[in-house]
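The values are calculated or read from the model by the stated rules, or taken from the named source; none is laboratory data. Quick caveat, the model's predicted, so the values are computed rather than measured. Glycine gets a Cβ as well: all are built from the backbone with ideal geometry, and neighbour counts include every protein chain shown.
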Amino acid sequence: MSIADDLVSLQTDGIVVSAGSVPMEAEEAENRYMWGYYLCIENNSPQKIRLVGKDWNITDDRGNLYHDSSAGFKGEMPELEPGEYFEYTSYAPLKAQNAVFYGSCKVEAEGTSGAKNIRVPTFSLSMGNNAALRTLN
């Protein structure tokens, strides 16, 4: 299975964010499920942009909320010319088998002041979704 098989996309002001879950290898952990997720941010706008941060959430089927509101992407603040894209993959150890991922990326467009929130499409981290989840013992 390739990552592109199950991506969902959302476009805002010429910036396309595609996202989805990715397969993870099982690792040892107590009562946890390891989820992987992938984002691709494409700059289809006429301006150069800079990805300055993220503000996203994962809510599991037990009502637990995991939140990440931080600068950059693993220490990077990529600049994208029109037509360029940035790929980001990470993971989250959760205590439930099913969850929903949602939020936004913070983007600064060249020639503007301040960052703007670009929505990430909501997607499922679910046992029935694809093989993205591996139970951790």
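Applying the criterion of being charged (D, E, K, R) and exposed (fewer than 12 other Cβ atoms within 10 Å of the Cβ) to the residues of segment 60-78, the residue that is farthest from Met34 (Cα to Cα) is Glu76.
Taken together, the criteria exclude Tyr33 from residues that are surrounded by 14 or more Cβ atoms within 10 Å (Cβ to Cβ), assigned to a strand (DSSP E or B) and under 11 Å from the mean Cα position of the chain (by Cα). Residues in segment 44-81 that are touching a residue at least 60 places away in the same chain (Cβ under 8 Å), out of contact with any Phe, Trp or Tyr (no Cβ under 6 Å at 6 or more places or on another chain) and of a type outside the set (D, E, K, R): Ser45, Gln47, Ile49, Val52, Gly53, Trp56.
For segment 59-80, a residue qualifies if it is of a type in the set (Asp, Glu) and under 22 Å from Phe123 (Cα atoms), and the qualifying residues are Asp60, Asp61, Asp68.
With the requirement that a residue be aromatic (Phe, Trp, Tyr) and surrounded by fewer than 17 Cβ atoms within 10 Å (Cβ to Cβ), what does segment 79-108 give you? Write out each step before concluding.
First pass over segment 79-108, keeping only residues aromatic (Phe, Trp, Tyr): 85-86, 88, 91, 101-102.
Tyr85, Tyr91, Tyr102, listed by residue number.
When you check Lys54 against the structure, is it under 14 Å from Val120 (Cβ atoms) and out of contact with any helix residue (DSSP H, G or I) (no Cβ under 8 Å at 6 or more places or on another chain), yes or no? In short, yes.
Can you name the strands (runs of 3 or more DSSP E) wholly within segment 40-115 that have at least 1 residues being of a type in the set (Asp, Glu) and under 12 Å from the mean Cα position of the chain (by Cα)? Strands (runs of 3 or more DSSP E) meeting the threshold: 49-60, 65-71, 85-94.
Looking across segment 73-87, just one residue is at pLDDT below 95 and either of a type in the set (Phe, Trp, Tyr) or in contact with a Gly (Cβ under 6 Å, 6 or more places away or on another chain) (or both), and that is Phe73.
In this structure, is Ala99 of a type outside the set (S, T, N, Q) and touching a Gly at 6+ places or on another chain (Cβ under 9 Å)?
Working: of a type outside the set (S, T, N, Q): yes; touching a Gly at 6+ places or on another chain (Cβ under 9 Å): no.
It is false that Ala99 is of a type outside the set (S, T, N, Q) and touching a Gly at 6+ places or on another chain (Cβ under 9 Å).
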